[in-house]
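Reading through the structure tokens given below for one structure.
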Amino acid sequence: MKRRDVLQGAAVLGASTAIGLPHIWRKDANLARAANGEIKVGVLFSLTGTTAIIEESLHKATILAIEEINAAGGINGMQIVPVEEDPASDPATFAEKARKLVLGDRCVSVFGSYTSASRKAVLPVFEKRNNLYWYPTLYEGRECSKNVVYTGAVPNQQQDEFVPWLIQNFGTRFYLIGSNYIYPKEENNYCRKLLARYGAEVVNEEYVPLGHSEFSSVINKIRSTEPNVIFSTVVGDSVVALHRQYRAAGLDPEKMPMASLTTSENEIAAMGGDAAAGHFTSAPYFMVHQSPENERFVAAYRARWGDDKVTHFVSEPSYFQVYLFKQAVEKLAPSDISPPTVAEAVKGEELTAPQGQIRLERENLHCWLWPKIARARSDGQFEVLKDSAEWVAPVPYAAYPDQVCSENGLQQS
Amino acid sequence: MDFVLQQLFTGLSIGSILLLVALGLWIVYGTMGVINLAHGEFVMLGAYTAWVLQSVFQVGLFASLVVIFFVVAFLGWIMERGVIRYLYRRPLDTILATWGLGVITQQVVRLLAGGELRYVEMPSLLAHSTTILGVELSVYRIFIFVVVAGLLALTWYLMQRTAIGMKLRAVLQDREVASCFGINADRIYALTFAYGAGLAGLAGALVSPLKSVSPEMGTTYVVDAFMVVVLGGVETLMGTVLSAFLLGELTGFIAYLQNDTVAKALVLVAIIVLIRFRPQGLFASQVRA
């Protein structure tokens, strides 16, 4: 076969496929989103690559919620069908798989992402196709998309109570350390504002490369600056290295504790309880939280995925956001189910999550949550020291007082 | 001036970890000329062996070191016999093959042990700090330094003072002539590769109480190890030693004065500049033509 024939053949084949599958070109892209008593949703968490370590647990929590809902009769009698894709911890693959889920599988929503980088990568896909992305991770805020439902905490929800509490209990000298990317920088930016408000000082602020594992120079600097609190937004395997080397260096959490926004039960399982004991974390959810909903969640999670597994403050939103999705879809007639109608229906919805009663804020699609302050114990669990009295409103632009995220998008004042 | 002494010790500690990881690579790359991109995976296998011995068989780190060395050396031996021996004098193919083997190893470990991060408990005897010359130091880091010094001496002794080391040096100089004198070159190569792999395994086991254990952990170590060996000049053991401590001190001081991100970048720039003007490395031996 000559080369030209091959090319011609390919062209003809390409053209006929395009004509032969007219539904791709159909004008009304929302038609038949819920066909044959099935609702397709995408599940987009990495099962391979560097962040698979944590995303695997988010995947498991999501699947658990879907299975529970289906077992209890589905949504208005319709079963949720998860379409699972593995984006391999790579932002470009995230975008590609998101496009496949939105265009190819015609999912009505996609649950996914752990890192900010992967969320930013899929954002254009969901905004362009007006689809809906459900993002469970605590993150740096400063985003106001109408196509993302954010169920994790933003800086004001983790820090507003935490920072003054730390100043009161340990002192005013803070050492800020984070991994070198956007999330720690935005958190520290907000932390500096809070510290200035309460008259505390920053003795040093520094960032280590992602995946960094040699902290001896950092520990020397901590020794010589003698801070009262080490405010840590280090992520991934660096968390483990930092804690283990802190302990090996003989530093004492009683005098100079690490206060983290990123250390969960999952990280503690990876570093060992001894290395984590005595350090503090602020988050809306801890596995030890006492509530009937949480007991049910933990029991179901362990029964499904294994007795040694832990739940944590990212897997809990991964779980309850599927129920939030269910509540929104329940309000719609099957013929009305489409990403924009789900986005509209979910606004202002409330439910009792394992952490407590949560609400999706109408203005910015973030959640009202219940921040808690806890100290790690050597058995790998936390001890909750302070529970917020009220649920706390999400303020994604807390560090930028002249910007407000509203239902009409970002408002400048 | 307090911090100078403190950073000097810190640099020695960072350097000793670098040397620990690079020593095995030097054997394989520096002497045999095999560009082994799966070196990091031997480090990872060593760390996982330590983890398995600890969590399944409840064996402490001290007791498991010898076992770890032989387990990883055996895996290295299999790899040499199975793949590498067909690729001597084909450097490009070796790069591809060893990289592929590295990826396969990572995924096999992920399938067997799971993707979670693991850790190895530090021996409680060493899990505290001590003061030397007014500087507070982690006892475990001192322990690593001592072990590295021991391994270095052992390696030097094996290479220079034993029959097998002499045979290795003979094979490296001229394989055909050495074979004519009755040396089994195949066996020498396999043993040397296994020894290098075993050293990498020990490195993984020794760093695992300080760092985290994951299937991907080897990737960063292999880069560090190549930097050390290339900078030192591939032929000399002393070059590798000196360049490891040089890099350790450099990283430590820049990280202290600036931060680790800057340190990483500056050290890489320094290496690139150096090998531009001294491609044979810092401490290349004089080769007689």
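The values are calculated or read from the model by the stated rules, or taken from the named source; none is laboratory data. Bear in mind the structure is a predicted one, so any value in this text is a computation, not a measurement. Using ideal geometry, Cβ is built from the backbone for each residue, glycine included, and neighbour counts are taken over all protein chains shown.
Quick test for you: out of A:SER232, A:SER282, A:SER238, pick the one residue that is out of contact with any helix residue (DSSP H, G or I) (no Cβ under 6 Å at 6 or more places or on another chain) and either in a strand (DSSP E or B) or at the interface with chain B (Cβ under 8 Å from one of its Cβ atoms) (or both).
Values: A:SER282 fails: out of contact with any helix residue (DSSP H, G or I) (no Cβ under 6 Å at 6 or more places or on another chain); A:SER238 fails: either in a strand (DSSP E or B) or at the interface with chain B (Cβ under 8 Å from one of its Cβ atoms) (or both).
Only one candidate passes the filter, namely A:SER232.
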#### Entry: Criterion violated by A:SER291 - all others in (1) polar (S, T, N, Q); (2) within 14 Å of chain B (Cβ to nearest Cβ); (3) more than 28 Å from B:LYS264 (Cα to Cα); (4) surrounded by fewer than 17 Cβ atoms within 10 Å (Cβ to Cβ) satisfied
(2)
### Task
Could you give me the residue pairs with C-beta distances under 8 Å whose first residue belongs to the range A:46-65 and is more than 11 Å from chain B (Cβ to nearest Cβ), whose second residue is small (Gly, Ala, Ser) and surrounded by fewer than 21 Cβ atoms within 10 Å (Cβ to Cβ) wherever it lies, and which are 6+ apart or on separate chains?
A:LEU64/A:ALA300
### Message
If B:GLY201 satisfies all but one of (1) away from chain A (no Cβ under 14 Å); (2) surrounded by fewer than 18 Cβ atoms within 10 Å (Cβ to Cβ), what's the number of the condition it fails?
### Response
(2)
## Note on the structure
Among (1) more than 12 Å from chain B (Cβ to nearest Cβ); (2) of a type in the set (Val, Ile, Thr); (3) buried (at least 24 other Cβ atoms within 10 Å of the Cβ), A:VAL203 falls short only on (3)
### Message
Please pick out the residue among A:ALA303, A:ALA275 that is assigned to a helix (DSSP H, G or I), under 25 Å from A:PHE174 (Cα atoms) and of a type outside the set (Ser, Thr, Tyr).
### Response
A:ALA275
### Message
For the range B:219-232, check the following and say yes or no: at least one residue is more than 26 Å from B:GLY102 (Cβ to Cβ) and crowded, with 19+ Cβ neighbours inside 10 Å.
### Response
no
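Out of the range B:239-267, which residues are surrounded by fewer than 16 Cβ atoms within 10 Å (Cβ to Cβ), hydrophobic (A, V, I, L, M, F, W, C) and either in contact with a helix residue (DSSP H, G or I) (Cβ under 8 Å, 6 or more places away or on another chain) or outside any helix (DSSP H, G or I) (or both)?
Correct list: B:VAL262, B:LEU266.
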## Note on the structure
Taking the range A:41-51 and keeping residues outside any strand (DSSP E or B) and either surrounded by 24 or more Cβ atoms within 10 Å (Cβ to Cβ) or within 12 Å of the chain's Cα centre (by Cα) (or both) leaves A:PHE45, A:SER46
### Task
Output the qualifying pairs, or none if there are none: Cβ atoms under 8 angstrom, residues six or more apart or on different chains, first residue in the range B:2-17 and farther than 14 Å from A:VAL218 by Cα, second residue modelled with pLDDT under 90 and of a type in the set (Ser, Thr, Tyr).
B:ASP2/A:SER224
### Message
Condition check: touching a Ser or Thr at 6+ places or on another chain (Cβ under 9 Å) and part of a strand (DSSP E or B). Does A:ALA374 satisfy that?
### Response
yes
### Residue check for A:GLU316: within 20 Å of the chain's Cα centre (by Cα), outside the structural domain of A:SER238 (by TED's automatic domain parsing) and buried (at least 23 other Cβ atoms within 10 Å of the Cβ)
yes
### Task
Go through the range B:117-148 and count every residue that is within 8 Å of chain A (Cβ to nearest Cβ) and over 24 Å from the mean Cα position of the chain (by Cα).
3
### Message
Name the residue that is surrounded by the fewest Cβ atoms within 10 Å (Cβ to Cβ), counting only residues in the range A:379-413 that are without any contact (Cβ under 8 Å) to a residue 12 or more places away in the chain and part of a loop (DSSP other than H, G, I, E, B).
### Response
A:SER413
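Going by the structure shown, is A:GLY104 surrounded by fewer than 19 Cβ atoms within 10 Å (Cβ to Cβ), of a type outside the set (Lys, Arg) and either farther than 22 Å from A:SER57 by Cα or assigned by TED's automatic domain parsing to the domain that holds A:ALA61 (or both)? Let's see the steps before the verdict.
Numbers: surrounded by fewer than 19 Cβ atoms within 10 Å (Cβ to Cβ): yes; of a type outside the set (Lys, Arg): yes; either farther than 22 Å from A:SER57 by Cα or assigned by TED's automatic domain parsing to the domain that holds A:ALA61 (or both): yes.
Taking the combined requirement at face value, the residue satisfies it.
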### Task
From B:VAL177, B:VAL267, B:VAL230, grab the single residue that is out of contact with any strand residue (DSSP E or B) (no Cβ under 9 Å at 6 or more places or on another chain), within 14 Å of chain A (Cβ to nearest Cβ) and of a type in the set (A, V, I, L, M, F, W, C).
B:VAL267
